[in-house]
Amino acid sequence: MRIGILGGTFDPIHFGHIRPALEIKSQLQLDSVWLMPNHIPPHKKSTVVSTEQRLAMVDLICHEYSEFELCDIEARRSGPSYLLTTLEELHKRYPEHEFFFLIGTDSLVSLPTWHHWLSLFNLCHFVVSPRNGWQLTSEMPIFKQYEQRLTSIGQHKAQKSGLIFQVNITPQAYSSTQIRQQLAQGISQSEAVPSQVLKFITEKNLYQTPT
């Protein structure tokens, strides 16, 4: 199966995560997109709500959208979440799958700072979406790899890893930081956050202190 993986803190999950993932699934004809909440992201200090609460919110989305599945492999890990370790574990569990890791241009630019980053290409493809304010340039360390590995959608044939696909998605003007701030101020987020997630946030009294 062709499996997309979207990692993130999902603090909270919102339409800025959901809609692009659905578009990418359609464009690349993926069988499923696994939503993978981080536990302790190496590049972030902490999350605002607990790992269990973030897993619960993502699980609500996976029950509403058949295109998604919850992948809790990183959330259940006791130490920092490194993508290399995650992909190695997933390959052991699901050797038949072809993995497509979904990132934005901002993450692509920073990829050379990730743990054993070149080894990641042995385990997955990367699917890159544009991000406002970010542009890849020839002097960046990732540029050579990007040029060599960039492939048109549908042209990779039997190659199970190591390629980069550039996709265009509908821009989504939502960010978790802004959503948390507005929830703390009592501002409705019904256009940014699915109703069942908002209900969970209300019931658990989450994000009530400005962050």
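Distances longer than 16 Å among the Cα atoms of region 70-138: what percent of all pairs is that? When every Cα pair of region 70-138 is considered, 54 percent fall beyond 16 Å. From its DSSP helices (H runs of at least four residues, each -39,500 (n - 2.57)), the chain gives a residue-normalised ellipticity at 222 nm of -9500 deg cm²/dmol. Gyration tensor over the Cα atoms of region 129-211: the corresponding equivalent ellipsoid has semi-axes (square roots of 5 times the eigenvalues, largest first) of 38, 17, 11 Å. For region 2-204, the fraction of 1.4 Å probe accessible surface lying on carbon and sulfur atoms is 47 percent. Seen from all directions on average, region 113-162 presents a Cα convex hull projection of 4.2 nm². Distances between every pair of Cα atoms in region 2-204, grouped in 5 Å steps from 0 to the bin holding the largest one, split as 1, 7, 15, 19, 21, 18, 11, 5, 2, 0, 0 percent.
The values are calculated or read from the model by the stated rules, or taken from the named source; none is laboratory data. It should be emphasised that the depicted structure is a prediction, and the values quoted were computed from it without experimental measurement. Only protein heavy atoms, including side chains, enter the accessible area calculation; ligands, DNA and RNA are left aside. Shrake-Rupley method; radii C 1.70, N 1.55, O 1.52, S 1.80 Å.
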